[in-house]
There are 2 protein chains.
Amino acid sequence: MKTKKKTTIKDIANVLGITPSAVSKALNDHPRISKETKQAVKQIAENLNYQPNHLASALRKGKSNLIGVIVPRTNSHFFSSVLENIEKILNKEGYKVIITQSNESYRKECENIDTLLFTQVDGIIASLANETINFSHFEKIKTKGIPLILYDRGDNDINVDYIGIDDFQSSHLVVDHLVNQNCKRIAHIGGFRHTRIFKNRILGFNDALAKHNLSLDKELILEGDLTLKDGRKKMKKLLSLSNPPDAVYAASDYAALGALQVMQEHNINVPNDIALVGFSNEPFTSFVKPSITTVNQNAGEIGRIAAETLIKRINQENWKPTLTKNILNSELIIRESSKKV
Amino acid sequence: MKTKKKTTIKDIANVLGITPSAVSKALNDHPRISKETKQAVKQIAENLNYQPNHLASALRKGKSNLIGVIVPRTNSHFFSSVLENIEKILNKEGYKVIITQSNESYRKECENIDTLLFTQVDGIIASLANETINFSHFEKIKTKGIPLILYDRGDNDINVDYIGIDDFQSSHLVVDHLVNQNCKRIAHIGGFRHTRIFKNRILGFNDALAKHNLSLDKELILEGDLTLKDGRKKMKKLLSLSNPPDAVYAASDYAALGALQVMQEHNINVPNDIALVGFSNEPFTSFVKPSITTVNQNAGEIGRIAAETLIKRINQENWKPTLTKNILNSELIIRESSKKV
DNA sequence: TATATTTGTTCCAACGTTTGAACAAAAGTA
DNA sequence: TACTTTTGTTCAAACGTTGGAACAAATATA
């Protein structure tokens, strides 16, 4: 039975009759080590299948070259795309990315932070779980001096860099389009107001209505968790009103889908009777019938900027985290569900 | 400006006037340390916001308590569910889980392995990328003596524990059901044969046809990458046949959806003209019209067993990896797309 | 009272790597 | 020849934690 003993720098040193520190320097291309030694060391390292012990070097250097990402759910197209771009940029800079998911749970989010701090990551990029309304767990990261970047779901109170789209403005895009389609009574199936992005979508919605001189009817604005089920429930409520809406703007594609199902069950023509708009550009919005108009959040850019900002902060000596917002434009993707004929 | 210096075991020792090793033992509930000391140490640790340096303890103990998971794509409901269960079990056992995704790319998969080995994980749970047909990168894990478990997408040649469903048998479930619905000419939109699971679905399909005395028509079996686009392409091909099928069994839900779109564009009644079955029970299969019959893979069980097997292997001294398959039953979820009226 | 046992702690080396200081030898300069 | 500089290496300490050996004090047993 072969031994499982991993080869270390010391083994290489022994083979060549030099010291471990010479080997270390050779492997790290130290200028003072001769070409011959470097070559020999690399050769032996190769032969012995040497893999540096990251734990040891990270301990010594006080830097792990690991970046942690906290994602609410990985089964969302938006978050996977952000992730993909974060990885692309960070890998290029020599960082490895480890992902943890909160599953929208506050408790899980706290654990995620512990895992990442425990792993001694050099930086963290996170998006808040839906459940999260208290932010003290993020303070742990900040007091440790580890750079923290928030994306999509952030909060001013955390006072760090934030990258996301302009939710307020996005609601304007949606309302402008619906008004353009001759809709006069627009309802909003929104998220909980305690989440900053959903609050902004609601505020933007109200503002846009005012801009178009449409009256603001309280019973047309509903808050929920924006799941498919929630979308169904809210749509039923809207249909039961004495004066139902002629358009529905849902703050998530899943909620929009739920609403669509209910309308179809009631033989309501979408978009001619009621127009529908969702949010996030989940892939299914393009392949349901009718296809759903939605807001695209530019996931690629968000990921790229989050990663680049993090690298900047890591290299910035004595950076004191402050609220720095980086707001990107979103884009309305117009599909069948809102194009009246 | 406050200093960023992290508190160590030494700081606690200094405060209390005892040695670092006493502190270490107190924190680890060593039986020889007095109750008073333990309490005092924990109190000070709390006050100083002490977080153990995982790097140091992992280095010393030769165990990181970290488990790496490689997932082909996180934006699939099946993989997210597996992941969720892996995390649940492993967290309970005191392990932290870090996720890396291969995005179905062979190159990325190699990098993922490097990242995980670099992080000194105690074990790896992986599912192969679609692209992967050569497995030498997994040997690195094995020669290091790190336990490796494969799930869903595995290969006999890697010779480790494998957990997945019985793909051969699943095809029988599908065909039995379709035959039961009076289908006589069943087509299969399959995955590439080099991937074990897709090969087995094809073999099972053939075997089931034979069982029902249905002739095996080569032009009704197609191989592809099973994306929505691929499903569309393959369906068009099937419709162009002189004798088109009366049922389509797609080895992925996305391909099934593509096929459904094409059929609807051709005004074909699903299921009465052509019945349709997918694979994986992606959420959208339940909410498209008609809803799609599909095979549920029991993601929860797969995750649970993968995690439990890994823990077993980690604790097994001198375990020599061998091919050990754990095959679970799948379940056919019958929906509108295959229920003839 | 003498001896054995238990209890609570300190001591020290180790995990594998890195890094600045130290040093000897070789090469360059006066 | 004497001195400085350069080159290539070794030395030693450090990163933070752990755990066995050693040890002294307290307690139990004869």
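Quick notes on this structure:
- In Å², nearest 10: area of B:GLU331 left accessible to a 1.4 Å probe: 100
- In chain A, helical runs assigned H by DSSP with n ≥ 4 each contribute -39500 (n - 2.57); averaged across all residues and rounded to the nearest 500, the mean residue ellipticity at 222 nm is -13500 deg cm²/dmol.
- Legend: P(r) of segment B:157-207 from all alpha carbon pair distances, 5 Å bins from 0, whole percents, reading 5, 20, 25, 23, 13, 8, 3, 3, 0.
- Separation between Cα centres of segment A:77-119 and segment B:14-69, rounded to whole Å: 27
- Exam field: B:ILE333 pseudo-label spacings to other copies (7 Å along Cα-Cβ), nanometres: 2.4
- Taking every alpha-carbon pair in the protein assembly as shown and binning the separations at 10 Å intervals from zero gives 3, 13, 21, 23, 20, 12, 6, 2, 0 percent.
- Shape call, segment B:1-131: gyration tensor on alpha carbons, a/c limit 1.5: prolate
- Label separation (A:LEU323 vs B:ASN47): 3.4 nm, computed from points 7 Å beyond Cα along the C-beta direction.
- Note on A:GLU93: accessible area approximately 110 square angstrom, rounded to 10, probe 1.4 Å, nucleic acids and ligands left out.
- Averaging the Cα positions of each part gives two centres, and for segment A:129-176 and segment A:192-240 these lie 21 Å apart.
- Calculated FRET efficiency, B:LEU241 to A:THR227, Cβ-Cβ distance, R0 = 41 Å: about 0.50 to the nearest 0.05.
- For A:GLU139, solvent-accessible area (1.4 Å; no DNA, RNA or ligand), Å²: 70
- Nearest-ten-degree value, helix B:77-92 long axis tilted from longest Cα axis of chain B: 30
- Using a 7 Å Cα-to-Cβ projection, B:ASN49 label spacings across copies, nm, ascending: 4.4
- List of segment B:49-87 residues, accessible area with partners at least 40 Å² below that of the chain alone (1.4 Å probe): B:ASN49, B:GLN51, B:HIS54, B:LEU55, B:LEU59, B:THR74, B:ASN75, B:GLU87
- Heavy-atom surface of chain B, accessible at 1.4 Å and reported per residue (Å²): 44
- For the residues A:GLN39, A:GLN169, A:GLN181, a GNM of chain A with alpha-carbon springs under 10 Å puts the largest fluctuation on A:GLN39.
- Calculated over segment B:179-237: convex hull of Cα atoms, volume per residue (Å³): 89
- Which listed pairs, of A:LYS35/B:LYS144; B:LYS96/B:LYS312; A:LYS88/B:LYS233; A:LYS25/A:LYS63; A:LYS35/B:LYS142, have C-alpha distances above 22 Å, in listed order: A:LYS35/B:LYS144; A:LYS88/B:LYS233; A:LYS35/B:LYS142
- Between the amide H of A:LEU328 and those of A:GLY164, A:ILE165, A:ASP166, distances stay under 5 Å, these residues lying 5 or more places away or on another chain, with hydrogens modeled in the peptide plane.
- Helix B:299-315 vs. chain B, principal-axis angle (Cα, 0 to 90°, nearest 10): 40
- Kirkwood-type hydrodynamic radius, segment B:9-52: 9.9 Å, calculated from all non-identical alpha-carbon pairs.
- Segment A:ASP176-A:GLU36, extension gain: residue separation times 0.36 nm, minus the distance between their alpha carbons: 43.4 nm
- Backbone N under 17 Å from the B:HIS266 label point (7 Å along Cα→Cβ), restricted to segment B:146-184: B:184
- Folded to 0 to 90 degrees: helix A:106-118 orientation relative to chain A principal axis, Cα: 20
- Volume per residue of the convex hull around the Cα atoms, evaluated for segment B:70-206, comes out as 119 Å³.
- When both bridge partners sit in the protein assembly as shown, DSSP labels roughly 10% of those beta bridges antiparallel.
- GNM result for chain A, Cα springs below 10 Å: residue of A:ALA251, A:ALA126, A:ALA26 fluctuating most strongly: A:ALA26
- Shortest-first distances to equivalent copies, position B:GLY62, nm, label 7 Å out along Cβ: 3.0
- For chain A, built as a Gaussian network whose Cα springs stay under 10 Å, the top-fluctuating residue of A:ALA13, A:ALA58, A:ALA247: A:ALA13
- Convex hull volume of the Cα atoms of chain A, normalised per residue: 175 Å³.
- Most to least accessible of A:TYR254, A:TYR95 (protein chains only, probe 1.4 Å): A:TYR254, A:TYR95
- Eigenvalues of the alpha-carbon gyration tensor of segment A:93-174, scaled by 5 and square-rooted, set the equivalent ellipsoid semi-axes at 23, 15, 13 angstrom, largest first.
- Straight-line reach from A:LYS340: taking Cα to Cα under 19 Å and skipping same-chain neighbours fewer than 8 places apart, the aspartates and glutamates in range are A:ASP176, A:ASP246, A:ASP273.
The values are calculated or read from the model by the stated rules, or taken from the named source; none is laboratory data. None of the values given here were measured: they were computed from a predicted structure. Glycine gets a Cβ as well: all are built from the backbone with ideal geometry, and neighbour counts include every protein chain shown. Each accessible area value is taken on the protein alone, full model and side chains, heavy atoms only, with ligands, DNA and RNA left out. Shrake-Rupley method; radii C 1.70, N 1.55, O 1.52, S 1.80 Å.
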